1. Name every residue in segment 1-21 that is more than 16 Å from the chain's Cα centre (by Cα) and crowded, with 18+ Cβ neighbours inside 10 Å, in order of residue number.
2. In segment 211-218, is there at least one residue being outside the structural domain of residue 144 (by TED's automatic domain parsing) and touching a strand residue (DSSP E or B) at 6+ places or on another chain (Cβ under 7 Å)?
3. So residue 205 fits all but one of (1) farther than 24 Å from residue 44 by Cα; (2) within 16 Å of the ligand (Cβ to nearest atom); (3) part of a loop (DSSP other than H, G, I, E, B); what number is the exception?
4. Out of 142, 179, 223, I need the residue that is within 16 Å of the ligand (Cβ to nearest atom) and free of Cβ contacts under 8 Å to residues at least 24 places away in the same chain. Which one?
5. Check off (1) crowded, with 19+ Cβ neighbours inside 10 Å; (2) over 18 Å from residue 99 (Cα atoms); (3) within 16 Å of the ligand (Cβ to nearest atom) for residue 197 and give me the number that stays unchecked.
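The values are calculated or read from the model by the stated rules, or taken from the named source; none is laboratory data. Note that the coordinates shown come from a computational prediction; the quantities given were computed from them, not determined experimentally. Here the Cβ is made from the backbone with ideal geometry for all residues, glycine too, and neighbour counts use every protein chain on show.
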Ligand code: PEP
């Protein structure tokens, strides 16, 4: 049984995407393990591909680093060839699972309803979902950022009680910033985080938005992390490319405090 998720913790999570074999992942986790003596304040999670979970979990044993999956199926079990359930992730040592990453929403056709089902499936199976939301470049340029964020948050959180909502993490990831080298400014990210919190207040319960950790994701690197983390609105980061090397990921972790 996982310890209860604290109120609005600082979290830096690495999303390795489709990179690193089991042995490469174990080596990267081993390098990070050696750095944990520096005892960072932020919680840290690694989300390797499914095939590397066991090896990374073994390499992280005895460290405070946490493990996460990158996706799960909404059903608990059954005839779903090629899919992975939340209970399988939990049994593999995962604390977290990413749901609604833009590469799945926009590249693999996941819609709001499916992301909402995955959030609930993750909680059913004892995982803390990292719920990704964010607008595309076309939506931002069309002045539709607010509409998109409100719709995505509403779809996931409507009907959740406050305890269930509090046991999630949100990652605001503008799609135009993911893997592009274009990072949202701290002010742009903070505006979106405020809107997400206000939506949670309306959809779940007044005041709830202030209790949920909202990470920023999109081209975070060691050079821009500190300025993002200086904003009170930004509780950490979901990091793709820069999480694939121990030194760059650790500099982001260190910037989080
Ligand atoms: C991500 O994959 O969630 C991400 C933010 O990627 P990158 O840091 O490479 O933009």
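1. Once the filter is applied, which keeps residues that are more than 16 Å from the chain's Cα centre (by Cα) and crowded, with 18+ Cβ neighbours inside 10 Å, segment 1-21 yields only 20.
2. No: segment 211-218 contains no residue that is outside the structural domain of residue 144 (by TED's automatic domain parsing) and touching a strand residue (DSSP E or B) at 6+ places or on another chain (Cβ under 7 Å).
3. It fails just one condition, (2).
4. Just one listed residue meets the conditions, 223.
5. Evaluating residue 197 over (1) crowded, with 19+ Cβ neighbours inside 10 Å; (2) over 18 Å from residue 99 (Cα atoms); (3) within 16 Å of the ligand (Cβ to nearest atom) leaves (3) as the failure.
A quick yes/no check of all residues on (1) within 16 Å of the ligand (Cβ to nearest atom); (2) touching a residue at least 24 places away in the same chain (Cβ under 8 Å):
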{"residue": "81", "(1), (2)": "no, no"}
{"residue": "94", "(1), (2)": "no, yes"}
{"residue": "104", "(1), (2)": "yes, yes"}
{"residue": "109", "(1), (2)": "no, no"}
{"residue": "115", "(1), (2)": "yes, yes"}
{"residue": "123", "(1), (2)": "no, yes"}
{"residue": "128", "(1), (2)": "no, yes"}
{"residue": "138", "(1), (2)": "no, no"}
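Matching residues to (1) touching a strand residue (DSSP E or B) at 6+ places or on another chain (Cβ under 8 Å); (2) modelled with pLDDT under 95:
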| site | (1), (2) |
| --- | --- |
| 6 | no, yes |
| 18 | no, no |
| 21 | no, no |
| 24 | no, no |
| 29 | yes, no |
| 41 | no, yes |
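Yes/no matrix, rows are residues, columns are (1) under 19 Å from residue 171 (Cβ atoms); (2) touching a helix residue (DSSP H, G or I) at 6+ places or on another chain (Cβ under 7 Å):
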position: 56; (1), (2): no, yes
position: 59; (1), (2): no, yes
position: 79; (1), (2): no, no
position: 89; (1), (2): yes, no
position: 92; (1), (2): no, yes
position: 110; (1), (2): yes, yes
position: 119; (1), (2): yes, yes
position: 124; (1), (2): no, yes
position: 129; (1), (2): yes, yes
